[in-house]
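Student: One structure is given below, represented as structure tokens, and several questions about it will come after.
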Amino acid sequence: MRSDRQPFKYMLSLIEKLKQVKDFRKDQGKRHPLWIVLVVIILGTMLGYLSYRELGEFAKNNRHRLSQEFNIIPERVPSYSTIRRVMMGVKWQSLLKVFNEWALQEYGQRDDINWLYYI
């Protein structure tokens, strides 16, 4: 595996957890599985993109890398509107639960990041 792809190796277990979050959207018109939109939101937020528009720009500006890593057609990365609808409609308790489960599973045994226990 190339070293520049190494960070995405750890995303696989997070993706499996994110797939457990119930999708509140109607099937009609849905272009992206919920987990893809959530991954974009999480990655963008971790990199400092905090508003809906900033997250949309993050997705657009990184569409080739996102499409390469997550098998998305580059022209079809989640838009600002999709990100906004998901952030407004997702059950945050459910998302936090699976994220915290993932974080403890992946990193909970490390003493240097025990702050995860307090999230």
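The values are calculated or read from the model by the stated rules, or taken from the named source; none is laboratory data. Here the structure is a predicted model, which means the values were calculated and not measured. All Cβ positions, glycine included, derive from the backbone under ideal geometry; neighbour counts span all protein chains shown.
Student: Restricting to the range 56-70, give me the number of residues that are over 14 Å from Arg84 (Cα atoms) and touching a Gly at 6+ places or on another chain (Cβ under 9 Å). Steps first, answer last, please.
Tutor: At the first step, the residues of the range 56-70 found to be over 14 Å from Arg84 (Cα atoms) are 60-70.
Of the ones still in play, those that are also touching a Gly at 6+ places or on another chain (Cβ under 9 Å) are 62.
Adding up the residues that qualify gives 1.
Student: Any residue in the range 8-30 that's closer than 20 Å to Trp102 by Cβ and at pLDDT 90 or above: show its pairings with residues that are among the charged types (D, E, K, R) and not in a loop (DSSP other than H, G, I, E, B) at Cβ separation under 7 Å, as long as the two are six or more apart or on different chains.
Tutor: Note: pairs meeting the criteria are Lys17/Glu101.
Student: If you take the residues of the range 65-81 that are surrounded by 16 or more Cβ atoms within 10 Å (Cβ to Cβ) and within 14 Å of Trp35 (Cα to Cα), which of them is modelled with the lowest pLDDT?
Tutor: It comes out as Ile72.
Student: Counting only residues that are free of Cβ contacts under 8 Å to residues at least 12 places away in the same chain and part of a helix (DSSP H, G or I), which one in the range 82-110 is surrounded by the fewest Cβ atoms within 10 Å (Cβ to Cβ)?
Tutor: Only one residue fits best here, namely Gln93.
Student: Helices (runs of 4 or more DSSP H) wholly in the range 28-80 with at least 1 residues that are out of contact with any Pro (no Cβ under 9 Å at 6 or more places or on another chain), farther than 19 Å from Met11 by Cα and not polar (S, T, N, Q) - which ones?
Tutor: Answer list for the range 28-80: 52-61.
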